[in-house]
There are 2 protein chains.
Amino acid sequence: MLRLTLDMDDVLANTHEKLINIVLNDFSTTLTEKELKAAPLKELLHPKQLGKLKKIMNAPSFFADIEVKEDAIETVRALSSYYEIFVATACMEFPNSFKDKFDWLARHFNFIPWTHIVFCGHKSIIQSDYLIDDHTKNLYAFKGEGILFTAAHNKKETGFRRVSSWKEVSELFLPIV
Amino acid sequence: MLRLTLDMDDVLANTHEKLINIVLNDFSTTLTEKELKAAPLKELLHPKQLGKLKKIMNAPSFFADIEVKEDAIETVRALSSYYEIFVATACMEFPNSFKDKFDWLARHFNFIPWTHIVFCGHKSIIQSDYLIDDHTKNLYAFKGEGILFTAAHNKKETGFRRVSSWKEVSELFLPIV
């Protein structure tokens with residue numbers, strides 16, 4: 001069975017959307033939702049605002065209530081009949097997120113056993129046939145085949161096969177039945 | 001640079017010794033320290049006692065004050081000049097240990113960056129040239145070369161190259177100077 005490893009933030013979880021909502025509701029900004037969705041927050045916000053956002057992300061419970069991406073649960077469940085599924089999230093930068101992320105996976109993806117969850121820093125450590133991730137730095141570090149999940153910050157990247165939704169993941173990885 | 005991945009419990013950290021001290025001090029037992037060190041706790045304790053011990057291990061702060069193994073810090077520091085060092089600990093079974101383990105590594109091995117720390121379940125996910133671990137199940141699952149670190153529960157194993165101390169790790173992996 002081939003192994004398929006899935007990133008968490010902005011692949012399984014709609015983290016970017018939560019960040020956008022925080023900017024819209026709690027920051028003083030003239031940016032619209034459409035503008036915030038079109039480009040990386042790194043390019044749109046002031047360094048001070050980015051620092052504030054990073055602090056918010058490292059507060060306990062930030063990761064607890066993030067929405068699951070559309071079609072992710074059904075698709076991952078279907079994929080698990082054909083692939084050995086691992087989830088690998090580079091969360092070492094946010095030590096307060098560990099428990100929230102573990103509980104989030106147990107709540108939404110309870111069919112993925114704890115043996116197949118990885119918290120890491122650098123994704124070069126992942127031994128897998130495929131990795132679906134929204135960061136090209138993770139895909140370049142990875143030794144198997146990397147698949148880029150579309151996000152605001154990677155729209156211009158061309159180095160990897162790309163999927164823009166879980167429907168597209170399903171089309172790429174599941175047999176036609 | 002070759003990559004060398006190190007297990008945490010009973011390789012970097014003297015976890016077994018802490019468990020033995022708990023049994024000697026807090027459990028009603030006739031076993032001596034010598035007897036407890038000679039065989040796996042799984043063989044020496046009643047199932048009820050093992051259950052109690054597992055509960056203690058999953059309580060927050062259990063992992064916070066474990067002693068570092070003799071010569072581990074100096075040896076890992078020296079190894080980091082010749083190898084890319086990762087630490088990989090199969091701690092997903094103990095979700096309350098995440099933060100303690102992260103802080104423990106930051107305290108004792110502050111020269112290992114957070115990018116090179118991995119919390120996992122099944123060690124087949126580790127992409128590395130070498131893995132030093134005290135559990136043969138982890139070494140069998142691992143694709144690189146596994147090195148067995150001697151512990152009470154693996155004394156009879158013969159399938160892997162063995163080290164019994166950090167001095168022996170140093171002899172095996174460091175050039176003679």
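The values are calculated or read from the model by the stated rules, or taken from the named source; none is laboratory data. Remember, it's a predicted structure, so these values are computed and weren't measured experimentally. All Cβ positions, even for glycine, are placed from backbone atoms using ideal geometry, and neighbour counts span all protein chains on display.
Confirm whether B:V76 is surrounded by 21 or more Cβ atoms within 10 Å (Cβ to Cβ), more than 13 Å from chain A (Cβ to nearest Cβ) and outside any loop (DSSP other than H, G, I, E, B). Spelling it out, B:V76 is indeed surrounded by 21 or more Cβ atoms within 10 Å (Cβ to Cβ), more than 13 Å from chain A (Cβ to nearest Cβ) and outside any loop (DSSP other than H, G, I, E, B).
Evaluated against (1) among the acidic types (D, E); (2) surrounded by fewer than 16 Cβ atoms within 10 Å (Cβ to Cβ); (3) part of a helix (DSSP H, G or I), A:E70 falls short on exactly one condition, (3).
Evaluation of B:G121 against the conditions (1) under 29 Å from A:K101 (Cβ atoms); (2) buried (at least 17 other Cβ atoms within 10 Å of the Cβ); (3) more than 9 Å from chain A (Cβ to nearest Cβ) shows that the sole unmet condition is (3). Here is the figure for segment A:15-63: residues that are closer than 16 Å to A:C91 by Cβ and in a loop (DSSP other than H, G, I, E, B) total 6.
Working only within segment B:79-95, note down all residues that are modelled with pLDDT under 95 and either assigned to a loop (DSSP other than H, G, I, E, B) or buried (at least 21 other Cβ atoms within 10 Å of the Cβ) (or both). Walk me through how you get there before you give the answer.
Going residue by residue through segment B:79-95, those that are modelled with pLDDT under 95 are B:90-95.
Result: B:A90, B:C91, B:M92, B:E93, B:F94.
What's the total number of residues in segment B:107-116 that are at the interface with chain A (Cβ under 9 Å from one of its Cβ atoms) and in a helix (DSSP H, G or I)?
Keep residues of segment B:107-116 that are at the interface with chain A (Cβ under 9 Å from one of its Cβ atoms), which gives B:113-116.
Right, trim to in a helix (DSSP H, G or I) and you get B:114-116.
Counting residues in segment B:107-116 that are at the interface with chain A (Cβ under 9 Å from one of its Cβ atoms) and in a helix (DSSP H, G or I) gives 3.
Quick check, is A:L4 in contact with a Leu (Cβ under 7 Å, 6 or more places away or on another chain), crowded, with 16+ Cβ neighbours inside 10 Å and part of a strand (DSSP E or B)? First the steps, then the outcome.
On the way: in contact with a Leu (Cβ under 7 Å, 6 or more places away or on another chain): yes; crowded, with 16+ Cβ neighbours inside 10 Å: yes; part of a strand (DSSP E or B): yes.
Yes; evaluated as a whole, the condition is true for this residue.
Would you say A:G159 is free of Cβ contacts under 8 Å to residues at least 24 places away in the same chain, more than 26 Å from A:A59 (Cβ to Cβ), surrounded by 15 or more Cβ atoms within 10 Å (Cβ to Cβ) and of a type in the set (G, A, S)? No.
Is it the case, given these coordinates, that B:K99 is of a type in the set (K, R) and more than 8 Å from chain A (Cβ to nearest Cβ)?
In short, no.
Among the residues of segment B:79-95, those that are of a type outside the set (A, V, I, L, M, F, W, C) and either in contact with a strand residue (DSSP E or B) (Cβ under 7 Å, 6 or more places away or on another chain) or within 9 Å of another protein chain (Cβ to nearest Cβ) (or both) comprise B:Y83, B:E84, B:T89, B:E93, B:P95. Whether any residue in segment A:32-49 is of a type in the set (S, T, Y) and in contact (Cβ under 8 Å) with a residue 12 or more places away in the chain is what I want to check. No; the residues of segment A:32-49 include none that is of a type in the set (S, T, Y) and in contact (Cβ under 8 Å) with a residue 12 or more places away in the chain. For B:L45, indicate whether it is crowded, with 17+ Cβ neighbours inside 10 Å, more than 10 Å from chain A (Cβ to nearest Cβ) and more than 18 Å from the chain's Cα centre (by Cα). Criteria met by B:L45.
Check B:L172, B:L148 and return the single one that is more than 13 Å from chain A (Cβ to nearest Cβ), surrounded by fewer than 20 Cβ atoms within 10 Å (Cβ to Cβ) and of a type in the set (A, V, I, L, M, F, W, C). Result of the check over B:L172, B:L148: B:L172. Of all residues in segment A:1-23, those that are out of contact with any Cys (no Cβ under 9 Å at 6 or more places or on another chain) and away from every other protein chain (no Cβ under 14 Å) total 14.
It is to be established whether one or more residues within segment B:64-85 are among the aromatic types (F, W, Y) and assigned by TED's automatic domain parsing to the domain that holds B:F119.
Here is the first cut: in segment B:64-85, the ones among the aromatic types (F, W, Y) are B:82-83.
When the remaining residues are screened for being assigned by TED's automatic domain parsing to the domain that holds B:F119, the result is B:82-83.
Yes; the residues of segment B:64-85 include at least one that is among the aromatic types (F, W, Y) and assigned by TED's automatic domain parsing to the domain that holds B:F119.
Matching residues to (1) within 20 Å of B:L19 (Cα to Cα); (2) in contact with a strand residue (DSSP E or B) (Cβ under 9 Å, 6 or more places away or on another chain); (3) in a loop (DSSP other than H, G, I, E, B):
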position	(1), (2), (3)
B:S97	yes, yes, no
B:L105	yes, yes, no
B:V118	no, yes, no
B:G121	no, yes, yes
B:I132	no, yes, no
B:R162	no, yes, no
B:V169	no, yes, no
